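Colleague: Dumping the structure here so I can ask a few things about it.
The values are calculated or read from the model by the stated rules, or taken from the named source; none is laboratory data. Predicted, not measured: the structure shown is a model, and the values here were computed from it. Quick reminder, even Gly has a Cβ in these numbers, built from the backbone with ideal geometry, and neighbours come from all protein chains shown. All accessible areas refer to the heavy atoms of the entire protein, side chains included, with ligands and DNA or RNA removed. Shrake-Rupley method; radii C 1.70, N 1.55, O 1.52, S 1.80 Å.
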Amino acid sequence: MARRMETIGADHYGFENVNAELGPFPLMDTFGMKPALVMLRRSLDPGRNEKFIQFATARKVRSAFSNVFHASKDLSQIAAMAKTTTKTYSTSCSTYGYWFDRFVLGCHKRMGDFVVTDYALSKDIFIRLLKDLEDDYCNSRQDVEVQDVAVEFANLLIFGFLNGLGGEEIVKANVFGFLKYLDAGAKDPMHPHVIVALVGRLKGETGEGYHMLPMARVTRSGIEAGKWADRLALSLVRKKRTNGFIFEDKNGQQAKIGKYDAEFTERMERVQAARPDLFEPCIKVTDVYGLRRSLRWGSTSEVVNAGLSQSIIDLNNRWRKFERAQGRRPGLAMQAHYTEIRLVLGKLVAYSY
């Protein structure tokens, strides 16, 4: 059709050309060829679950290039078209251009997506994991370090399962908020509980942001969250840790959930060997269970099976709405936030009970 257009234009109207000129292009990268080549090379890196990395991982090259570009000297000025609180920006970054969009679309169609779905962790498996951790703790009374490892991992599992948290949410748990309300929660006459304080985007009077999630100290199933929380508190105080993240890396920063993958896998294999009846036949636990989603999905399945109302489930998950809203809610100091939580404590604790 393009050639036919040129013929008609030349024969009937004397046009030299009808279509836009296809070249020559300027001797500089205006399409984003450099990041495109890097993205193609990155796509050949080995993946975790497949031979090569997934498209979503390779696509991060585009985000990285854009972030650097918009912080570089090449950015002279960005035009902003704004109406009330909504803004649309006009940029000369090549990775936002038409050609690069088509390139990314082609990559996605050719690479596809391989989704690994974690199985939900059943309550029976969860209780067995805690039993093995209890045995390790009791059998290591002369080795405090081994006990500390068991205590930390047990609380990681409990925080995730009883509060319905994903892996990267669990590691946001804060030491100060956890310790501050441990005694008060234990002495509550109606609903003995443990507060898990997640560091988030809520800005309070102290400049800190917390999402406070209460869970029952002892559940109907006999899960003793309070006992493990008390052990964790003793470990933290002994190490003189009064602030920061409960789950930290060797540099004292917030740990990645991947730090605990090896221990989770080893313990799951131990449970499978001892109680194969708790698992589907012929499955490899390393392929279908993971800390990132199995605890949360197992928790959700259990509360649905228990017949809890949707209002209680929504109440437990309300903090995610505030997080996604980037903290746009009335600012509360930690003490005021805890007072607010106590008004609906019975319903909140019901999620974990």
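Colleague: Here is a check on your reading of the model: is D148 open to solvent by 10 Å² or more (accessible area, probe 1.4 Å), within 28 Å of the chain's Cα centre (by Cα) and under 21 Å from E269 (Cα atoms)?
Modeller: no
Colleague: Scanning the stretch 182-202 for residues that are open to solvent by less than 10 Å² (accessible area, probe 1.4 Å) and touching a residue at least 60 places away in the same chain (Cβ under 8 Å), which turns out farthest from the chain's Cα centre (by Cα)?
Modeller: H193
Colleague: Counting just the residues of the stretch 279-289 that are under 16 Å from D124 (Cα atoms) and open to solvent by less than 50 Å² (accessible area, probe 1.4 Å), which one comes out farthest from the chain's Cα centre (by Cα)?
Modeller: F279
Colleague: What number goes with the only condition from (1) β-branched (V, I, T); (2) modelled with pLDDT under 90; (3) surrounded by 13 or more Cβ atoms within 10 Å (Cβ to Cβ) that V38 does not pass?
Modeller: Only one criterion in (1) β-branched (V, I, T); (2) modelled with pLDDT under 90; (3) surrounded by 13 or more Cβ atoms within 10 Å (Cβ to Cβ) is unmet by V38, namely (2).
Listed here are the residues, each with its yes/no results for (1) modelled with pLDDT under 95; (2) more than 26 Å from the chain's Cα centre (by Cα).
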site: Y210; (1), (2): yes, no
site: A216; (1), (2): yes, no
site: K227; (1), (2): no, yes
site: I246; (1), (2): no, no
site: K250; (1), (2): yes, no
site: Q253; (1), (2): yes, no
site: D277; (1), (2): yes, yes
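Colleague: Further question on the same structure: How do the pairs read when you match residues in the stretch 35-64 that are under 19 Å from G97 (Cα atoms) with residues anywhere that are in a loop (DSSP other than H, G, I, E, B) and among the basic types (K, R), using Cβ under 8 Å and keeping only pairs 6 or more apart or on different chains?
Modeller: M39/R59
Colleague: To continue, here is another question. Which of the residues belonging to the stretch 115-157 are small (G, A, S) and in a helix (DSSP H, G or I)?
Modeller: A150, A154
Each row is one residue, and each column tells you yes or no for (1) of a type in the set (S, T, Y); (2) in a loop (DSSP other than H, G, I, E, B); (3) within 28 Å of the chain's Cα centre (by Cα); (4) at positive phi.
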| position | (1), (2), (3), (4) |
| --- | --- |
| A10 | no, no, no, no |
| A20 | no, yes, no, no |
| P26 | no, yes, no, no |
| M39 | no, no, yes, no |
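Colleague: For the stretch 88-130, how many residues meet the condition of being within 27 Å of the chain's Cα centre (by Cα), modelled with pLDDT under 85 and open to solvent by 70 Å² or more (accessible area, probe 1.4 Å)?
Modeller: 4
Colleague: Go through K256, K250 for me and flag whichever is open to solvent by 40 Å² or more (accessible area, probe 1.4 Å), in contact (Cβ under 8 Å) with a residue 24 or more places away in the chain and out of contact with any strand residue (DSSP E or B) (no Cβ under 9 Å at 6 or more places or on another chain).
Modeller: K256
Colleague: Now for a separate question. Out of the stretch 70-87, which residues are of a type in the set (A, V, I, L, M) and either surrounded by 10 or more Cβ atoms within 10 Å (Cβ to Cβ) or modelled with pLDDT under 75 (or both)?
Modeller: L75, I78, A79, A80, M81, A82
Colleague: Same structure again: Given the conditions (1) of a type outside the set (F, W, Y); (2) within 23 Å of C93 (Cβ to Cβ); (3) open to solvent by less than 50 Å² (accessible area, probe 1.4 Å); (4) modelled with pLDDT under 90, report the number of the one that R62 does not fulfil.
Modeller: R62 satisfies all of (1) of a type outside the set (F, W, Y); (2) within 23 Å of C93 (Cβ to Cβ); (3) open to solvent by less than 50 Å² (accessible area, probe 1.4 Å); (4) modelled with pLDDT under 90 except (4).
Colleague: Quick one: would you say D135 is charged (D, E, K, R), open to solvent by 20 Å² or more (accessible area, probe 1.4 Å) and out of contact with any Asp or Glu (no Cβ under 9 Å at 6 or more places or on another chain)?
Modeller: Yes.
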